[in-house]
């Protein structure tokens with residue numbers, strides 16, 4: 001409607017609103033100085049890390065040699081930091097003990113990373129009517145998902161070429177997309193990533209041992225499972 | 001180098017860094033909960049208001065009927081809120097009394113508005129080698145500065161047409177720019193705005209009566225005068 005400059009400013013304005021809402025919340029809860037400062041420190045550092053992760057995600061699109069370690073670092077920022085901050089802010093708002101705050105923060109980062117991996121899997125192997133986004137659009141955009149990273153590292157040369165031809169090709173045909181996704185399947189990359197995501201969720205659930213038994217803890221355990229069981 | 005998407009993210013990342021620096025500062029100063037929360041509330045509300053002001057500034061470029069009240073509201077956000085927050089955060093960090101925090105906040109907003117008006121004046125009537133930006137670029141961009149608002153409200157029809165023809169014309173010739181600036185001069189708009197800016201600075205200096213005599217107060221009084229005496 002009003003063009004990019006106004007859209008950019010609207011984004012900045014929403015960014016500011018996050019901190020304003022957090023300040024209102026901290027005030028309502030009567031947080032002490034140390035808890036209030038840690039809350040804002042958490043939000044600001046997470047915002048920065050999400051920006052870094054998002055930037056890496058876009059910069060990776062130009063590269064054919066992204067390693068699994070680089071992917072993990074990117075996803076830890078792009079999605080892990082967001083869920084870590086969400087869980088940690090809840091822990092701080094609830095005036096949790098330091099070890100509980102730490103446990104919930106770690107839980108959040110782990111399920112955030114698993115969530116992103118499952119998202120990537122659904123993006124090539126999901127059912128479009130459930131997932132809501134066109135299957136294969138990550139391939140068209142040239143996203144270096146962990147499946148792509150894995151397949152480029154392990155697939156035979158012909159398959160690798162097929163995949164690289166479709167990656168980042170905005171006008172790739174359905175046949176080209178299907179061929180690229182078949183490469184991911186043949187390389188076992190989809191199963192590989194699903195297995196990695198399951199591992200992260202298992203780790204996340206272990207972190208919750210620091211919390212007393214409660215309905216809230218049950219919900220967090222269910223939420224951890226949901227990140228990888230969901231089909232949408 | 002990397003295009004607009006990365007530039008937008010870099011802007012968001014810098015935004016996050018502001019809050020991170022504020023959190024580090026609040027921690028170092030050992031602020032209590034109420035002061036810490038007010039500090040972050042101030043920064044987030046100012047950020048939002050600056051976005052609003054900046055958006056208005058851009059939206060005004062499409063309009064020929066911006067009123068002086070609308071201009072004042074825009075500049076109060078775009079530049080007033082920034083200087084208000086700067087002064088207020090200083091007052092909060094110094095653990096000022098509520099009436100001192102309020103006085104410094106008001107001082108900041110007033111000199112912020114005066115600063116912007118002087119900026120607008122220098123943009124058409126300044127010396128380019130001192131000011132650093134091309135004289136008349138605001139006219140090319142179609143900025144509804146208070147001088148333009150005033151001239152469009154008071155200049156004779158012919159002059160108004162001359163001004164409107166140059167406003168927002170990116171490729172306006174030097175002669176067209178000079179003719180538009182001459183309209184502002186003939187309408188007394190430049191003197192009018194300089195007078196308004198002087199009034200704001202006088203009000204700002206009165207606010208400082210809430211502070212005890214000190215070297216810091218002298219600096220703030222000098223800073224208020226500087227906003228309208230500067231030529232750069």
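Each reported figure results from applying straightforward, stated rules to the coordinates on display, with no laboratory input. Since the structure is predicted, the reported quantities are computational estimates derived from the model, not experimental observations. Note that we place each Cβ from the backbone using ideal geometry, even for glycine, and neighbour counts take in every protein chain shown.
Quick notes
- Cα-only radius of gyration and Dmax that characterise region A:61-160, units Å: 16.6, 56
- Helix B:4-29 axis versus longest C-alpha principal axis of chain B: approximately 40°, rounded to the nearest ten.
- Distance from the C-alpha centroid of region A:12-89 to that of region B:104-162: 39 Å, rounded to the whole angstrom.
- In chain B, the longest principal axis of the Cα atoms and the axis of helix B:189-207 are about 10 degrees apart.
- Shielding by partners for peptide A:38-48, expressed as the average number of C-beta atoms from other protein chains within 10 Å of each residue's C-beta, is 6.
- Inter-copy label distances at residue A:199 (7 Å, Cα→Cβ; nm, one decimal): 7.1
- Legend: mean number of C-beta atoms from other chains within 10 angstrom of residue C-beta atoms, peptide A:23-33, equals 5.
- Between 0 and 90°, nearest 10: helix B:215-229 axis offset from chain B longest Cα axis: 10 degrees
- Label point 7 Å beyond Cα along the C-beta direction, distances from residue A:63 to other copies (nm, shortest first): 4.7
- Each of A:161, B:225 has some number of other Cβ atoms within 10 Å of its Cβ, and from fewest to most they run A:161, B:225.
- Square roots of five times the Cα gyration tensor eigenvalues for chain A, Å: 35, 22, 15
- Sorted shortest first, the separations between the residue B:134 label point and its copies elsewhere in the assembly read 4.1 nm; each point sits 7 Å from Cα along the Cα-to-Cβ line.
- Shown for B:222, A:176, A:68, B:38: other C-beta atoms within 10 Å of each C-beta, ranked fewest to most, produce the order B:222, A:68, A:176, B:38.
- The mean number of partner chain beta-carbon atoms within 10 angstrom of a residue's beta-carbon across peptide B:54-67 is 2.
- With the largest listed first and rounded to whole Å, the semi-axes of the equivalent ellipsoid of the protein assembly as shown from the Cα gyration tensor are 50, 33, 16.
- Exposure proxy shown here: for A:162, A:227, the number of other Cβ atoms within 10 Å sets the order, fewest to most, as A:162, A:227.
- Legend: Rg and Dmax of region B:88-146, from Cα coordinates, 16.4, 46 Å.
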